[in-house]
Amino acid sequence: MERLTIFEQDIINAICVYISRKKQVRPEEVEVELMYDDDYGFSAEAFVDGRKQVLITANIIEALRLWLDEFLNRDPYAGIQLVLDDEEGIIAKINE
């Protein structure tokens, strides 16, 4: 089975698009910081108009599903696994 890798910048881009649609702003108006914690796993903070929104792993996966469907024309329901890579940072492995 082939695996697609989505790198950190594209994960951030996916979250920017995801949040922009929920907040009805342009993706360029959204700032995102990805995080990993040994106890809590993956999360992100999104900032829009000076307000912070915390996203949990499920929100990040939802954003990646949107990205896969609309920007990569891939199956949005493929298996998505977030990975903390020593060299690449936070990446997503997609089972195709």
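Does residue 21 count as out of contact with any Lys or Arg (no Cβ under 7 Å at 6 or more places or on another chain) and in a helix (DSSP H, G or I)? Taking the combined requirement at face value, the residue satisfies it.
Can you pull out every residue in the stretch 52-70 that is among the basic types (Lys, Arg) and over 10 Å from the mean Cα position of the chain (by Cα)? Can you show your working first?
Keep residues of the stretch 52-70 that are among the basic types (Lys, Arg), which gives 52, 65.
Selection gives 52 alone.
Considering 3, 26, 74, the condition of being surrounded by fewer than 17 Cβ atoms within 10 Å (Cβ to Cβ), among the basic types (Lys, Arg), in contact with a helix residue (DSSP H, G or I) (Cβ under 9 Å, 6 or more places away or on another chain) and in contact (Cβ under 8 Å) with a residue 60 or more places away in the chain is satisfied by 74 alone.
Selection of the stretch 36-71 for residues being part of a strand (DSSP E or B) and in contact with a helix residue (DSSP H, G or I) (Cβ under 8 Å, 6 or more places away or on another chain) yields 41, 42, 43, 44, 46, 48, 53, 55. Among the residues of the stretch 3-18, none is identified as in a strand (DSSP E or B) and of a type in the set (Phe, Trp, Tyr).
Taken together, the values in this text are just the output of simple stated rules run on the coordinates, not laboratory data. Everything numeric here is computed off the predicted structure, so don't read it as measured data. Every residue, glycine among them, receives a Cβ derived from its backbone with ideal geometry; neighbour counts consider all protein chains shown.
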